[in-house]
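Asks: To start, I am sharing the structure in question, which I have written as structure tokens.
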Amino acid sequence: MGMEPTGERDSDAYTKKMLEAKDELSQLQEELNNVIVKFVLRALRVYQSTRPEPLRPGEIALLVNNELKNVLYDLNAQPNIDALAKLSKEAWAKETAKQ
């Protein structure tokens, strides 16, 4: 991945934009956490459906850990990275076309 940015960048403007984008980042992190909770709840429902007794706290913690690892593994799989890159390029093209 030897793609380096070209041209000069105004570091003061960049720093200012990064600070302005902090709120957006916090919002996106909250949205991501909510999506991950949905993945975990799905896993908990599936696991709970296979047994009559309620899940114990230790089991829930283990299932949360395993589901998070599985989600991250799937997200890091090359086909998913390729798909996300394609979707991101398309979204960026649409966003920059509006400007």
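None of the figures in this text is laboratory data; all of them are computed from the coordinates on show. Note that the structure is predicted; figures quoted are calculated from it, not measured. Glycine also receives a Cβ, built like all others from the backbone with ideal geometry; neighbour counts cover every protein chain displayed.
Asks: Across the stretch 51-93, what fraction of all alpha-carbon pairs, as a whole percent, falls in each successive 10 Å bin from zero upward?
Replies: 25, 29, 22, 17, 7, 0
Asks: Looking at (1) 10, 24, 26, 21, 13, 5, 1, 0; (2) 10, 20, 18, 13, 12, 12, 9, 3, 2, 0; (3) 12, 24, 32, 19, 10, 4, 0, which value of P(r) over Cα pairs in 10 Å bins from 0, in percent comes from a calculation on the structure shown?
Replies: Derived directly from the coordinates: (3).
Asks: Rounded to the nearest 500, what is the 222 nm mean residue ellipticity of the chain from helices alone, with -39500 (n - 2.57) per DSSP H run of 4+ residues and division by all residues?
Replies: Value at 222 nm, helices only: -26500 deg cm²/dmol.
Asks: Please get the size of the charge dipole for the chain, origin at its Cα centre, with Cβ charges of +1 on Lys and Arg and -1 on Asp and Glu, quoted in debye to the nearest 20.
Replies: Working: 14 positive and 16 negative charges, 89 e Å.
Rounded to the nearest 20 debye, it is 420 debye.
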